[in-house]
Amino acid sequence: MPALFDHPALFDHYVIVDWSAANQPKNGRDSIWICRLGPDGETVENPGTRHLARQMLAEIFAAASANGERVLAGFDFPFGYPAGFAAKLGLAGVPWRAVWDEIADLVEDAPDNRNNRFEIGASLNRRVSGGRFPFWGCPATRASEWLGATHHNGHDAGGLAEKRLVDRWMVGAQPCWKLAYTGSVGSQALTGIPVVRALRDDPRWAERARIWPFETGLALPDDADIVLAEVWPSWWREWRTTREPGDVNDRAQVRHVARVFADDDAAGTLAAKFAGDPSLTTAQRRIVEREEAWTLGVTTPRRALSVAPSLPLGVERVGPRTAGPAGRSGGRRGIPTARAHLTLPSLRDGPLPLPPMGGKGLQEGYTYLRDPAAIYRRSFALVRKETDLSRFPAALRPVALRLAHAAGDTTILADLAWSRGAAACGKRALAAGAAILVDSEMVRAGITRDRLPANNEIVCTLGDPSVPELASRLKTTRSAAAVELWRAHLDGAVVAIGNAPTALFHLLELIAAGAGRPALVLGFPVGFVGAAEAKQALAEFGHGLAYIALFGRRGGSALAAAAVNALGNEARR
């Protein structure tokens, strides 16, 4: 440990805080973790409430201040909002401070963690738009005319960006408007900003404390003994390699980031991190320093690799663009356009030639991976590289892997939700021969029968001749009416819904009325109407019902089938 401080240091203590907006005291996974790394070693705390966390941080700052020592404190939630938010609220003064003061006035955060973050989101939405924009996400029971449970998709029309500039630099960063579900940094910001504000303004050290980059610019301040900054621990993907066996992910991350900053300080490279990305324009720097903030340690964009196979080498797809003929895209509405990819060959001298029709190029064929097993191995390796699967319970990781593979999109895993032990329940049921109830023939077709452990029966009643008349009599959809015919199969079954929200709603109605209880419900209905609400209802149903679901509008038959295939494959091991 002393070797870290051989180099003349800018700071004496490195404090990293993993925040939580929990509504009740909580310890362990997804709670508050505080790591302090200093000359006397490392301490890690896991306070159960935000009030206790604030007290612990104040004690760290007080001790350092009394000893004339400098502290760098990083908090893992956004310090700012997309440009224009303060103006939309009608706030005067420096935008960031006006927003911070407004939030601090609105937040009610009790010592037992009870807080009013959803009410604040609704109130701010009402003032900004008179509707459900820009904040979104809450339990269905907390939804109102000013706050929706699901994404409003209103940023293009609402005049506020979904993400800040720095969020667009970081692959996987969540929007600060998101108040619920996995990655709800919006709630962390609403509950965390008042705490950072109070720590910064504590009269014991207020004259020597600064918020980076709002009060310092994109530079390291010389006149501050306590510097408070925004961090994103997932930016340093190497934390997984330093995690100790049995360590909670949050604890491992704060420890790793504290060591990163200490090592950089010892090497003389920490000061450069305070400059942000050197390529920022003057206008961008002004937005960052006055309104949006920046994430300490991000000095260049990290982009996800994306190749559009239908375009020539050296071109990537951009879109879909929806501007009309006079819009910036210059193309027709909805037609994707293309631009040169900076990391691929230049098109400055014209497009790269394509093989002539019927010529030698097509006769020789294209070079691409053809072996199915190799394609699977490569696909899963890429998913593992782009996703931190270790944040899921061990039994759920094969399901998460298959879902990302089926969707071709690792970002969907941010919305994956589950009940405790859900994957294990599904595996046990399939191994015991449980029936699989599906809401569409597409889900049935997607299930690989040879991956099922006990020749499990797959039941789809949507095509039953009685369904149309039953739907008319019940005044509901055919998908919901088909669920009525599941009654004899429900007890102990695995249910996979990948199409109709009404099927999931009616399933919950049947169970609540006393029908047999499935061993597991896989909730992946898709669509703009009812899908998010149905999955939220599943999560809130309780009564010991095991579930795995993808929150929000996304879903589909392929995902529902992929979840069954993953569980079936694991049950055969």
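Observations on the model:
- Filtered residue count, the stretch 554-573, keeping only those that are modelled with pLDDT of 90 or more and in a loop (DSSP other than H, G, I, E, B): 3
- Listing of helices (runs of 4 or more DSSP H) fully contained in the stretch 442-551 that carry 1 or more residues being of a type outside the set (Ser, Thr, Tyr) and under 28 Å from Asn569 (Cα atoms): 478-484, 501-512, 531-540
- Restricting the first member to the stretch 553-573 and to residues that are in contact (Cβ under 8 Å) with a residue 60 or more places away in the chain, and the second to residues that are polar (S, T, N, Q), the beta-carbon pairs closer than 6 Å and six or more apart or on different chains are Ser557/Ser440; Ser557/Asn499; Asn565/Thr448.
- Residue that is surrounded by the fewest Cβ atoms within 10 Å (Cβ to Cβ) [pool: residues in the stretch 101-137 that are outside any helix (DSSP H, G or I) and in contact (Cβ under 8 Å) with a residue 60 or more places away in the chain]: Pro111
- The stretch 58-86: number of residues that are outside any loop (DSSP other than H, G, I, E, B) and more than 26 Å from Ala180 (Cα to Cα): 11
- If you filter the stretch 151-167 down to residues that are among the charged types (D, E, K, R) and more than 21 Å from Ala275 (Cα to Cα), you find that the one that is surrounded by the fewest Cβ atoms within 10 Å (Cβ to Cβ) is Asp156.
- Each residue in the stretch 545-558 was checked for being buried (at least 24 other Cβ atoms within 10 Å of the Cβ) and aliphatic (A, V, I, L, M), and 3 pass.
- Given (1) without any contact (Cβ under 8 Å) to a residue 24 or more places away in the chain; (2) not in a helix (DSSP H, G or I), index of the condition Ala434 fails: (1)
- Unmet criterion (only one of (1) within 30 Å of Asn153 (Cβ to Cβ); (2) buried (at least 24 other Cβ atoms within 10 Å of the Cβ)) for Pro518: (1)
- Restricting the stretch 168-179 to residues that are more than 10 Å from the chain's Cα centre (by Cα) and either within 17 Å of Ala122 (Cβ to Cβ) or surrounded by fewer than 21 Cβ atoms within 10 Å (Cβ to Cβ) (or both), the residue that is modelled with the lowest pLDDT is Val171.
- Of residues in the stretch 78-100 being surrounded by fewer than 19 Cβ atoms within 10 Å (Cβ to Cβ) and in contact (Cβ under 8 Å) with a residue 60 or more places away in the chain, the one nearest to Gly48 (Cα to Cα): Arg97
- A single entry from Ala400, Ala417 fulfils the requirement of being closer than 29 Å to Thr242 by Cα, at pLDDT 85 or above, in contact with a Phe, Trp or Tyr (Cβ under 9 Å, 6 or more places away or on another chain) and part of a strand (DSSP E or B): Ala417.
The values are calculated or read from the model by the stated rules, or taken from the named source; none is laboratory data. Please read all numbers here as calculations on a predicted model, not as lab measurements. Glycine gets a Cβ as well: all are built from the backbone with ideal geometry, and neighbour counts include every protein chain shown.
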